[in-house]
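The structure under discussion appears below in the form of structure tokens.
Bear in mind that the values in this text are calculations on the coordinates, not laboratory data. Here the structure is a predicted model, which means the values were calculated and not measured. FYI the Cβ positions are ideal-geometry reconstructions off the backbone, even for glycines, and counts take in every protein chain you see.
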Amino acid sequence: MPLILETVVTTLSPAGDLHLVPFGLIREGDAYILAPFRPSPTIVNLEANPYFAASSPRDIRVIAGAVTGRRDWPVVECEAIPAKRLADSFGHAEFAVEAVEEDATRPRFRGRLVKATAHEPFIGYNRAQAAVLEAAILSTRLHMLTPDKILTEMAYLAIAISKTAGPREREAWDWIEDKIASALGRSERILANPGAAP
Ligand SMILES: Cc1cc2nc3c(=O)[nH]c(=O)nc-3n(C[C@H](O)[C@H](O)[C@H](O)COP(=O)(O)O)c2cc1C
């Protein structure tokens, strides 16, 4: 299995509008592959502007927000490519698309690393941030999973939230919980009873 890094990817639309979404970047040798499922605004953008930035947000709400309709996070200009990147990140990388593997379901855009910069010290991993990341991914796959599977996974992830979340992680978790509850037509929340089987 290749290494996959979960990042916040920013692209520009043909009209120059920012598009900010989480993506797993697949490491392949010196390059990183971006593989969006069709249909995808990111694909449209990369076909018009073959550059993307990948950022590691300090605030996990950026990832939870991006999958719950909150995509308005501050960005700044990239230094080496005509693109923008997340302003508040541990670091970011700037890529130029050097090749495209066409595919009816999931084309692969091969990104050549143009520049990578560290911005803030990374002091340590946080379990609640990792749990929000997993919950965010889960929330983009609700159409493929049974309610039982979703609730079982969320109940496990909630343990890390209850033990290690700060206010931002807690708020990010609540956004995902709300999305999942509304998709499943539930009114109760999992975190009230973390670890309990559904
Ligand atoms: C951490 C994380 C990683 C993700 N990785 C991918 C990915 O590699 N490919 C993909 O199609 N969607 C991925 N998703 C879901 C996308 O963020 C979501 O579907 C988004 O709308 C895709 O952008 P697009 O609409 O421009 O295609 C990921 C979501 C999260 C939270």
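Some observations on this one:
- Kirkwood Rh (inverse of mean 1/r, distinct Cα pairs), segment 4-118, angstrom: 13.9
- Where only C-alpha atoms are counted, convex hull volume of segment 81-126 per residue in Å³: 123
- Computed from Cα positions, the angle between helix 167-184 and the longest principal axis of the chain comes to roughly 80 degrees.
- Order of MET144, MET1 under a 10 Å beta carbon neighbour criterion, fewest first: MET1, MET144
- Extension gain, LEU18 back to TYR156 (0.36 nm per residue minus Cα-Cα distance, nm): 46.2 nm
- The loop-placed trypsin sites (Lys or Arg not before Pro) in segment 94-185, going by DSSP, that have at most 13 neighbouring Cβ atoms within 10 Å of their Cβ come out as ARG141.
- Across all Cα atoms of the chain, the radius of gyration (one decimal) and Dmax (whole number) stand at 17.3, 49 Å.
- With at most 10 neighbouring Cβ atoms within 10 Å, loop GluC sites (Glu not before Pro) (DSSP) excluded, longest segment of the chain: 1-101
- Under 5 Å from the amide H of PHE90 lie the amide H atoms of SER56, ARG58, each residue being 5 or more positions distant or on a separate chain, with H modelled from the backbone and absent for Pro and chain starts.
- By other beta-carbon atoms within 10 Å, ranking TYR32, TYR125, TYR51, TYR156 with the fewest at the front produces TYR125, TYR156, TYR51, TYR32.
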